[in-house]
Structures are given as structure tokens and as C-alpha cells.
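Encoded as C-alpha cells, the structure appears first; notes follow it.
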Amino acid sequence: MAVPFRMNHNKHGMLVRLKIFVNSQNFHSHAPKPAKQPKQGSQSPKEELDYSICGDRIGISEWNTLDAEKLGVTSSMISHSSMFVLKLLRRKGFESYLVGGCVRDLILKRTPKDFDVITTAKLMQVKNHFRRSVHAQIVGRRFPICLVHIKGSVVEVTSFETVARTSNAKEQFLYSQLPKCSNKKDLFRCKNSLRRDFTINSLFYDPFANKIYDYTNGMADLRTLKLETVIPAQLSFKEDPGRILRGFRLAARLGLSLSREIEAAIWAHSSLVMNLDKNKIMIELNYMLSYGAAGPSLRLLWKFKLLKFLLPLHAAYLDEQAIEEDDRASNLLLKLFFRMDKLLACDRPCDCTLWIGLLAFHLALVNDPQDAVVVWTFASVLHHGEWKEGICIRESRETCSYNFPNAGQ
């Protein structure tokens, strides 16, 4: 019987449930109060980041144009709604590409969570061109996007002309890194790639020419399954501490190793995560736990001491257990989430209610250990969605000799 896991697209409802749960744990209560930081992208002149150290890191002159078909990527792998958007923009005379995580996942033969389109059209032009056939709306302030609604799906469209506000120092750095050539298409693709978080997220795919464009050595990192930031990690995480959480999510889902540079930067700047808007942290936490990589995500958060800020009670449990690499099978918390992960994927996520329920269930067992029959009953109710099935499981299991291990051991 299929398990009815569905992602709740009501963001407000999701955040309400998350807030209720994390507030019960005194969310952030164990976090040291970091020094007040300027808003992202608005550093004062005295606090501007030094981008001069990036020059030797990025070899823009050695970019690669790759045959997508040789990498196993074809236009037939693109969702119908995304292809509709790409084709319409091309017919209107604009360049349009797939960019970011969807390109990475197609190369890795994984199902993308979504398909992101980027175009030379301005967002208002995108909205106007889709107004007659489908519903389109522009959302976001700091980095606006156009959401195109097509037959129950939503395609996110960004514009090359839309960029988040950055310091003068970064703008000068970006222009200094651009190649001296007359190919305008390469110039705007290249500049956009330098604004992205990780090299494996900076790839562009042109399904009409069947080409993949790599300006930051992303393909080399993808082949070795290594996570690298586009600019030095120390600068990247200062620019946007949310990249630390996204890095954990990518590493957990794709089985990537973190570079030494990234690990050092996380240890140095992890406290900056606490400066992020609480809603943004909650959304990132949901991305980590709802798409089939909750177990490894929790391990990374615990390893780098961020779990004690986000879920302090569970972090304390893992600290007490002192988990090792080969101990996850006997660790109650990780065992619950690794089991859940087997049921989920990017194209088959769960509602946040499921993992919130597992976290609460784990705390209940830690505080009051139960016999195995109680756990079997709970699991059956969770699976079937009704108490009747849970009672049947209880009746069939209550004569068994299972002994549920003490959750605190």
C-alpha cells in the first residue's frame, strides 16, 4: 500500500507547525548571541568583504562547453511545464536556459526537485508574455522571481538582469573576472555563475543547442562528488550564512564530501546562521528532513555543532550517545530517520508533520521508554493513517517477545 506522503505547499501552515515544535525546545536558547551583522548584501564600507583574494581561485579563462547528450542529458528529461516556458521565451526572441540544481541532478541521473529557468527577458516581460495563456506572478523583494503556474505545477523564472544587491567590492570583482571577449552570451552566463553558491550549482543547460556551460569548474567537482563554493568559502558564508545549511543539504542528499576549505569556514562562521531570519532557517530545515536525506542531514548538523542551536534536546541526546560512523543502526533517533528516508525522495517528499511527529515521538520515548508493541502500534497508525490498523498490529504483536531498547542507552 502506498504511503500517502505529500508536501504541504501551504507555507504558512508549515511554518506554524514548525514554530510550535521548535519553540517547545527553546529554539536558539543555547546559541551564543553573535555580534550584530549588517543585512546581507548591504555591508558598510568598513565591513566590506575583501574579494581580491578570489582572483587566483577562479579560472574563468578555462571554461568548458560540453555536449549534454554525451553526459546523458536530453530535453526529454525536462518537465513539460518547464519546456513550455523555455520554448515560449525562445519564440519571443529571448535566451532561456535551465540553471542550478536541476542541471546538476540531470547529470547525476537524479530526479530534480524542480526546474529553474533563467532568461534574458526582464521579469515584467516574462509575466506579460504568459498573462494570456497561464497565470504568472512576480514575488520576492531582495531577489524577485516570476512564478509561472501551468496545470498544477509552478516554474520559477529568474532574469539575468535581476541580481541581489551587492557591495561595490563584489561588483568590481565580478567585472574583473569576466573574460575579454565579444561573446555577450558567455559574458552574462559567466557573471551569473559567479554569483552562485556552489560550483555544482553554477551549470547552465541549453536544451535547444544541447549544450552545458561550465564557468567555475563545476563538472570536475561533480565527477569527484566534492562540494566547493564558487568563491572562497570564508567569503561565501559571510555573504550568506544560509549557504552553510544548503551545503549540508546537498552533501547529505548527494553523498558529497566537504572540502577542507568548507569545513574550516563552517567551524569559523557557523554562528552566523543564527542571524538568519527564523522562517528561513525553518524552511531550510524542512528541505533537509522532508526529501529523503534526513538521517545524514542530522548527522552533519550534529557534527558541526549546529543541531544544538536548532534542535537542542535531540542534540543533547546524540551527545549523550556519542555516535560514531558505524553506530547509526543502533541509535534510536537516527534509526527512525534513516527508515523514513527510505520512503522519500525529491519527487516524493513528505509533509513536515511527519518528521515533526518523529522528533516528538523520539523525545517521548527518551523520557518514557516503551515496550516494542507500543512502537509497532504507532508505526502502523503512521503508515495506515487510522487507529484500527494500529490495534490490529498490537493484537498480532502483543504475544511476541520483543524488548524495545531503552532510548537513553
Legend entry - Tabulated pairs, region 121-146, first farther than 9 Å from S159 by Cβ and in the same structural domain as R189 (by TED's automatic domain parsing), second part of a loop (DSSP other than H, G, I, E, B) and of a type in the set (D, E), C-beta under 9 angstrom, 6+ apart or interchain: none
Legend entry - Of all residues in region 134-160 being touching a helix residue (DSSP H, G or I) at 6+ places or on another chain (Cβ under 8 Å) and part of a loop (DSSP other than H, G, I, E, B), the one that is surrounded by the fewest Cβ atoms within 10 Å (Cβ to Cβ): K151
Legend entry - Inter-residue pairs, beta-carbon under 8 Å, first free of Cβ contacts under 8 Å to residues at least 24 places away in the same chain and within 9 Å of T229 (Cα to Cα) and in region 197-216, second charged (D, E, K, R) and assigned to a strand (DSSP E or B), 6+ apart: none
Inset, instruction - Search region 87-112 for residues that are aromatic (F, W, Y) and pair each with any residue that is at pLDDT 95 or above when their beta-carbon atoms are under 7 Å apart and the residues are at least 6 apart or on different chains. - result: F94/T119; F94/T120; F94/A121; Y97/I118; Y97/F204; Y97/Y205; Y97/D206
Legend entry - Unmet requirement for G295, which otherwise passes all of (1) more than 27 Å from I200 (Cβ to Cβ); (2) in contact with a Phe, Trp or Tyr (Cβ under 8 Å, 6 or more places away or on another chain): (1)
Legend entry - In region 88-124, residue nearest to the chain's Cα centre (by Cα) [restricted to those that are part of a helix (DSSP H, G or I) and more than 19 Å from Y213 (Cα to Cα)]: L123
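The values are calculated or read from the model by the stated rules, or taken from the named source; none is laboratory data. This structure is a prediction, so every number in the text was calculated from the model and none was measured. Note: ideal-geometry Cβ built from the backbone for every residue, glycine included; neighbour counts use all protein chains shown.
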